[in-house]
Amino acid sequence: MSRWRPHDQARLAVLVDADNAHAKHVDALVVEIAKHGTASVRRAYGDWTTNQLRPRMDSLLHHCVKPVQQFSCTSAPSAGSA
């Protein structure tokens, strides 16, 4: 097991609620995260079967964000909120 040293970059997990986050913020999010460390895990959770999220897929894939299917099991506005 290696020990963390102050000069090492932090390894960060980026978990996005895609039902509530707009794709236009992805570029700024990636830039801000890079200031604090390396995003070693990038995932966006949402109901990708809806027409609302499909257009966001290209922007997320451009930044290597893995879409994770979260089916809407409630009548709430977002599956990630259930």
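The values are calculated or read from the model by the stated rules, or taken from the named source; none is laboratory data. As the structure is a computational prediction, the values presented were derived from the model and not from experiment. When we count neighbours, we look across all protein chains shown, and the Cβ atoms used for this are built from the backbone with ideal geometry, even at glycine.
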Positions within the range 64-76 being surrounded by 11 or more Cβ atoms within 10 Å (Cβ to Cβ), part of a loop (DSSP other than H, G, I, E, B) and not hydrophobic (A, V, I, L, M, F, W, C), in sequence order: Gln70, Ser72
In the range 46-63, residue surrounded by the fewest Cβ atoms within 10 Å (Cβ to Cβ) [restricted to those that are within 11 Å of the chain's Cα centre (by Cα) and outside any helix (DSSP H, G or I)]: His63
Residue that is nearest to Asp8 (Cα to Cα) [pool: residues in the range 19-78 that are among the charged types (D, E, K, R) and at pLDDT 90 or above]: Lys35
Test set (1) closer than 15 Å to Ser72 by Cα; (2) surrounded by 11 or more Cβ atoms within 10 Å (Cβ to Cβ) - Val16 fails condition number: (1)
